Amino acid sequence: MKILDRYISAKFWRFFLIGVAAFVLVFIIVDLVEHIDDYVDKKARPGDVALYYVLYLPYIVALVSPVGTLIATAFLGGYLVKHHELVALRSSGISTLRVAATLILWGALISIGTFAMGETLLPHSNKLREKIRDEKIYRRSKRASRLLKDLFYVGENGDIYYFRTFDVRTGVARDVVIIRRQGDRIIQRTDARRMFYKNGVWTLTEAIVRKFATDSVELERYPTLKLNIPEKPADFARKIPSSDEMGFFTLRKYIKKIRRSGIVPYRELTDMWMKLAYALVNLIVIMLGVPMSFKQRKASYVYGFGQSFFLAFLYLAALRAGQAFGYNGTLPPCLAAFLGDIIFGTIGVVLLAKTAN
């Protein structure tokens with residue numbers, strides 16, 4: 001690495017770490033003030049609250065890193081302009097794009113690091129954080145969660161299960177509905193009063209099986225009916241993790257399971273692609289920030305901060321709008337997730353091209 005690259009990198013990382021630390025601190029303070037009454041009312045121990053926010057840190061860092069990257073780029077441009085270093089570089093025949101290349105490299109590495117953190121650290125920290133919040137801070141009783149109500153579950157073979165109630169301890173389900181689909185069509189529905197697990201086999205009681213043909217319905221009643229399915233009581237009792245508790249590849253596996261039931265999981269697909277799209281923001285904001293901040297005639301950190309904050313707001317709005325379009329199926333999930341990246345990435349490339357001229 002050349003002296004110029006080391007110098008630019010040192011300044012960039014200094015501004016980046018300061019920016020991320022500042023936004024993380026603000027995020028934690030705002031969240032703490034918002035929930036302090038709940039912590040006091042529940043008589044939560046300070047150690048549990050502290051551990052909750054420690055586990056919250058990876059999520060917050062991933063959330064604010066694009067803003068930190070953008071601010072670092074803007075402040076670096078302001079610093080170089082203020083100390084007339086940018087003019088000196090241009091006088092020496094070193095173009096803005098040469099400086100930008102170093103920053104773009106760091107932006108790409110930050111994007112890769114953010115994605116890697118989402119695959120490894122974030123799912124576990126988010127899961128533990130939720131557990132600390134529910135069991136230690138809010139002291140929600142485990143006994144209260146023993147009986148699950150209105151439980152939906154998608155089986156490994158694509159069958160859809162609905163239980164009015166499911167007892168986690170005994171593994172007994174009541175008022176059961178099992179739906180089997182083939183493509184977009186329901187081919188079988190099974191209703192039962194009770195469903196229990198014994199000797200590796202599920203047994204239905206007072207079961208009614210309806211088989212749907214193209215123009216007819218076949219109905220059969222069974223006092224007892226045995227089912228050979230791969231699910232065990234622990235599978236039905238297991239809480240389906242949220243998208244924040246799953247990495248890209250884990251979520252993709254879960255989506256394949258949903259698709260076997262004939263359902264198009266727009267929300268899950270959009271969330272899966274958003275994990276890639278949001279990581280790329282760190283790279284794209286540098287492509288946007290370099291042309292704007294390096295063309296300042298007069299250095300102003302306040303101006304750089306305001307410009308960065310406004311741009312980050314617009315970018316986030318575009319990402320959330322695309323996410324909403326993906327959730328309701330207006331746009332294909334992949335396109336919806338990358339909508340903001342496509343718009344602002346195109347703008348960034350155009351601005352960089354103009355900077356080279």
Among ASN328, ASN199, ASN126, which one shows the highest mean-square fluctuation when the chain is modelled as a Gaussian network with alpha-carbon springs under 10 Å? ASN199
Could you work out which residue, out of GLY183, GLY340, GLY19, moves most in a Gaussian network model of the chain, that is, has the largest mean-square fluctuation with Cα springs under 10 Å? GLY183
Give the span of the range 221-288's Cα atoms along each principal axis, as three whole-Å numbers ordered largest to smallest. 68, 23, 14
Expected 222 nm ellipticity per residue - DSSP helices of 4 or more, -39500 (n - 2.57), all of the chain, to 500: -21000 deg cm²/dmol
Using each residue's phi in the range 237-254, evaluate 6.51 cos²θ - 1.76 cosθ + 1.60 at θ = phi - 60° and report the 3J(HN,Hα) Karplus result to the nearest Hz, with x for Gly and Pro. 7, 5, 5, 6, x, 6, 4, 5, 9, 10, x, 4, 6, 5, 5, 5, 5, 5
Taking Rh as the Kirkwood radius, which is the inverse of the mean 1/r over Cα pairs, what is the Rg/Rh value for the range 55-174? 1.31
Dipole magnitude of the range 183-298, debye to nearest 20 (Cβ charges: Lys/Arg +1, Asp/Glu -1, about Cα centre): 440
Among ILE104, ILE94, ILE263, whose mean-square fluctuation peaks in a Gaussian network model of the chain (Cα, cutoff 10 Å)? ILE94
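Using 0.36 nm per residue, how much length does the chain from VAL264 to VAL217 gain when fully extended, once their Cα-Cα distance is taken away?
Gain on extension, VAL264 to VAL217, equals 14.3 nm.
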For the chain, give the magnitude of the charge dipole about the Cα centre (Cβ charges: +1 Lys/Arg, -1 Asp/Glu; no others), in debye to the nearest 20. 460
Signed unit charges on C-beta, dipole axis of the range 143-242, positive-most listed residue ILE187, PRO241, THR214: PRO241
In cubic angstrom per residue, the convex hull of the chain built on its Cα atoms measures 168
HN-Hα couplings for the range 13-18 via Karplus (6.51, -1.76, 1.60; θ = phi - 60°), in whole Hz with x for Gly/Pro, come out as 5, 5, 5, 5, 5, 5
Lysines near LYS295 by alpha-carbon distance under 16 Å, same-chain residues fewer than 8 away left out - which ones? LYS82, LYS354
How large is ³J(HN,Hα) for each residue in the range 264-269, as worked out from phi by the Karplus curve 6.51 cos²θ - 1.76 cosθ + 1.60 (θ = phi - 60°), to whole Hz, x for Gly and Pro? 8, x, 4, 5, 5, 5
Positive-end residue of LEU121, THR102, GLN307, charge dipole of the chain with Cβ unit charges: LEU121
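So for the range 143-242, what are the equivalent ellipsoid semi-axes in whole Å, largest first, each being the square root of 5 times an eigenvalue of the Cα gyration tensor? Walk me through the intermediate numbers first.
Numbers: eigenvalues 113, 50, 27 Å².
Semi-axes (√(5λ), whole Å): 24, 16, 12.
Suppose R0 equals 41 Å; then what is the FRET efficiency for LYS257 and ASP48 from their Cβ-Cβ distance, rounded to the nearest 0.05? Walk me through the intermediate numbers first.
Details: r = 35 Å, r/R0 = 0.84.
Here the calculated transfer efficiency is 0.75.
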Using the crude model of +1 on Lys and Arg Cβ and -1 on Asp and Glu Cβ, and no other charge, please compute the dipole size for the range 143-242 relative to its Cα centre, in debye to 20. 460
Mind checking the range 127-212 for GluC sites (Glu not before Pro) that DSSP puts in a loop (not H, G, I, E or B) and that have at most 12 other Cβ atoms within 10 Å? GLU156
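Just so you know, all these numbers are worked out from the coordinates, no wet-lab data involved. Since we're looking at a predicted model, the values are computed, not measured. Positions of Cβ are generated from backbone atoms using ideal geometry, with glycine treated the same way; all protein chains shown enter the neighbour counts.
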